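Peer 1: A single structure is presented below for examination.
The values are calculated or read from the model by the stated rules, or taken from the named source; none is laboratory data. Everything quoted here is computed from the prediction, not taken from an experiment. So basically every Cβ, Gly included, is an ideal-geometry build from the backbone, and we count neighbours across all protein chains shown.
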Amino acid sequence: MHARTVLFLVPYRARDLDGHALVGHHLKTRHGIASRFTNGYGIPGKLVRHAPDAVVFDHLTWDFKAQEALLAKRLGMKVFLLPTEGLFQEPDTAAHAAGKHFGATAILDGLFSWGQYVRRAILDQGLADPSRVHLTGCPRFDFYAEPCLSLVESREEFLGGLGFPDPAAPLVLWATSTPYVARDRKRIVRRYVRRGHWTLQQIEDELHDEERMFAEGCALLRRLAAAHPAWNFVIKVHPAEWAEPYAPFLREFRNVRIAHTEPIRGFLVHADVLLQRNCTTASEAWMLGKPVVDLEIGTYRIPARAEYKAGSLVVATQEEAAGAVEACVEGAPLPPGQRAAREAFLREFYHRIDGRAAERCADHIAACLRPPAHDAAAQARKDAAVREEAAAREAREGRRLVNRFKDLFKIPRGASLRVWKRLLPEEGRWFGERSTTEIEITPEMVDELYQRYDSLAQDVRA
């Protein structure tokens, strides 16, 4: 049998590539299986071009994502779901992300659940065979346990690299969770209703809450940054969010920095307190024993889970929030019972924070790529199906009017005829760039991560 390959879909490179690459590293070192990594664009073409033996999806919330998973399955590829989001308020939301509304959950060869809550949500609705819903934890959270935790730079290196003149000063971190607050409201509503099978009320509630969170968070940060000029403040913008709305802070305050594409864990390791509302980052801060202020300021339509709120300091006014932050910076201990509430939540939603989630995911994938689950005959059928699909795609592309025009004038088919695209800033250029950082993932990016993981393995052996 030829060398096996797994294709990972990673939508937000900075947030999730490291965790997915850790799975790929285990596939390589433990099982001799190669991995490729790609963003979320043009997946049908990439399935044909790379012809992987397995595909790892990040979610199946949208109709086109489910269609891509079904195509991979039809081509004879193993299909897995490794979620990049795991904090769900209701069981149906978790099932939705697993493809419930498009009939895609049942075709999965493996669904890697962060914790018991999501696993129960899938099984209680009869959406998948129990033997294919694996309790693994989240590979991204492996970096909150040793040996991966040691990859984080020292406080002086990390905060000095952000340009703070005094890295030893208190660091207040605000993690936003408002990905659509600056976008065209009508387009977002239309997309979620048409392509995600959300109800109109669901998306309206989501957008209402984002607007409230944005307004209250900005007001609080301005208050704190003005009152404490010697402190350091970082706005960690959600990976799917535009960062432009936060740019005024850089003009108003010398002690504020904005972070967008970087993974959040380095900021959490060195933060003295985290500000947020209803975000996964709160539970990540708990893994590090950090104080978290939950900004329940104003009226929200989507309530936070009671067991989730029990792990943080919940505040209802700007005055309460400012006081809570100041107390945390001064070193106030966690309130009685809060540590136990955190531990119970982490067990229920994230299984174990033991640094081995990526290893568990890799082992399940490898088992599905060995005989009898995947033998030479299955490989031959997959290769034949890919060749047939490639021929069909080429024929379809050749019939498109735009491609016929390009062929006539010898213009490469990959070249865009949309002149305005050439006038936009290059992707990734500071905050004026309005993409969600979904640049293509290069082998060099992955090789750099693999080298770091190799060094960890050597340290452990030593």
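Peer 1: Under the condition of being touching a residue at least 40 places away in the same chain (Cβ under 8 Å) and assigned to a loop (DSSP other than H, G, I, E, B), which residue from region 235-254 is surrounded by the most Cβ atoms within 10 Å (Cβ to Cβ)?
Peer 2: That would be VAL237.
Peer 1: Moving on. Return yes or no: is GLY289 outside any helix (DSSP H, G or I), at pLDDT below 95 and either among the basic types (Lys, Arg) or at positive phi (or both)? Working first, answer last.
Peer 2: Details: outside any helix (DSSP H, G or I): yes; at pLDDT below 95: no; either among the basic types (Lys, Arg) or at positive phi (or both): yes.
For GLY289, the condition - outside any helix (DSSP H, G or I), at pLDDT below 95 and either among the basic types (Lys, Arg) or at positive phi (or both) - is not met.
Peer 1: Of all helices (runs of 4 or more DSSP H) completely enclosed by region 292-352, which ones contain at least 1 residues that are aromatic (Phe, Trp, Tyr) and in contact (Cβ under 8 Å) with a residue 24 or more places away in the chain?
Peer 2: 306-309, 338-350
Peer 1: Tell me whether region 134-148 contains one or more residues that are modelled with pLDDT of 95 or more, more than 29 Å from TYR350 (Cβ to Cβ) and either within 25 Å of the chain's Cα centre (by Cα) or outside the structural domain of GLY19 (by TED's automatic domain parsing) (or both).
Peer 2: No.
Peer 1: Show the residue pairs meeting these rules: Cβ distance below 9 Å; 6+ apart or different chains; first residue within region 378-399 and among the basic types (Lys, Arg); second residue not in a helix (DSSP H, G or I).
Peer 2: Short answer, once both residue conditions are applied: ARG381/GLY76; LYS382/ALA51; LYS382/ASP53; LYS382/LEU75; LYS382/GLY76; LYS382/MET77; LYS382/HIS374; ARG387/ALA51.
Peer 1: Follow-up question, since we're still on this one. Could you please let me know if GLY126 is surrounded by fewer than 24 Cβ atoms within 10 Å (Cβ to Cβ) and at positive phi?
Peer 2: Yes, satisfied.
Peer 1: Also, quick follow-up: Is it the case that some residue within region 308-322 is crowded, with 19+ Cβ neighbours inside 10 Å and at pLDDT below 95?
Peer 2: yes
Peer 1: Hey, another quick one. Looking at region 45-62, I want the residues that are closer than 14 Å to GLY99 by Cα and crowded, with 19+ Cβ neighbours inside 10 Å and have a partner that is polar (S, T, N, Q) and modelled with pLDDT under 95 with Cβ atoms under 6 Å, at least 6 apart or on another chain. Which pairs are those?
Peer 2: Within 6 Å, the pairs are ASP58/THR84.
Peer 1: Tell me yes or no: at least one residue of region 196-208 is touching an Asp or Glu at 6+ places or on another chain (Cβ under 9 Å), in the same structural domain as ARG183 (by TED's automatic domain parsing) and crowded, with 21+ Cβ neighbours inside 10 Å.
Peer 2: No, region 196-208 contains no residue that is touching an Asp or Glu at 6+ places or on another chain (Cβ under 9 Å), in the same structural domain as ARG183 (by TED's automatic domain parsing) and crowded, with 21+ Cβ neighbours inside 10 Å.
One line per residue, one yes/no per condition, for (1) surrounded by 13 or more Cβ atoms within 10 Å (Cβ to Cβ); (2) outside any loop (DSSP other than H, G, I, E, B); (3) modelled with pLDDT of 50 or more:
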site: GLN379; (1), (2), (3): yes, yes, yes
site: GLU389; (1), (2), (3): yes, yes, yes
site: GLU397; (1), (2), (3): yes, yes, yes
site: VAL402; (1), (2), (3): no, yes, yes
site: LYS406; (1), (2), (3): yes, yes, yes
site: PRO412; (1), (2), (3): no, no, yes
site: TRP420; (1), (2), (3): no, yes, no
site: PRO425; (1), (2), (3): no, no, no
site: GLU440; (1), (2), (3): no, no, yes
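Peer 1: If I go through region 324-334 residue by residue, how many of them are of a type outside the set (Asp, Glu) and surrounded by 14 or more Cβ atoms within 10 Å (Cβ to Cβ)?
Peer 2: Of all residues in region 324-334, those of a type outside the set (Asp, Glu) come to 324-325, 327-329, 331-334.
Subset that is surrounded by 14 or more Cβ atoms within 10 Å (Cβ to Cβ): 324-325, 327-329, 334.
Qualifying residue count for the region: 6.
Peer 1: Then there is this: Residues of region 68-107 being out of contact with any His (no Cβ under 9 Å at 6 or more places or on another chain) and under 17 Å from VAL10 (Cα atoms), which ones?
Peer 2: GLU68, ALA69, ALA72, VAL79, GLY86
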